[in-house]
Amino acid sequence: MKLHTLAHSRTGDKGDTSNISIIAYRAEDYPLLCAQLTVERVAAFFADQLEPGAAPVRRYELPNVQALNFVLPGILRGGVTRSLALDAHGKCLGSALLDIDLPILN
């Protein structure tokens, strides 16, 4: 199943860093998000976009709102006003992450 069936995202960007919050629609799905959306998996998903030598991806857990927040330093390659990317805003990255496949658990 795609992540977007269980959660939505909110994003922000500052300079060359983007943060992506993944927020579960239902509290009972939050543990699955915690188990499946590891720092390693998110870093691998964006590996071709992360700037080499940038600080590592960080994950913050927000259990009271059933959300995970990922901070991706260097992914915006200088920021919205300096990047040569067609759309260098973090909101596109959040939409892309919502397309990641999650295993179906019975």
So the helices (runs of 4 or more DSSP H) completely within the chain holding 1 or more residues that are hydrophobic (A, V, I, L, M, F, W, C) and at pLDDT below 90 are 90-97
Scanning the stretch 20-62 for residues that are closer than 10 Å to LEU72 by Cβ and acidic (Asp, Glu) gives GLU51
Quiz item: Is it the case that some residue within the stretch 17-31 is over 15 Å from the mean Cα position of the chain (by Cα) and more than 16 Å from LEU68 (Cα to Cα)?
Solution: no
Picking from LEU62, LEU37, the residue that is surrounded by 14 or more Cβ atoms within 10 Å (Cβ to Cβ) and either among the hydrophobic types (A, V, I, L, M, F, W, C) or touching a Ser or Thr at 6+ places or on another chain (Cβ under 8 Å) (or both) would be LEU37
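The values are calculated or read from the model by the stated rules, or taken from the named source; none is laboratory data. Note that the structure is predicted; figures quoted are calculated from it, not measured. Cβ sites come from the backbone with ideal geometry, for glycine too, and all protein chains shown count toward neighbours.
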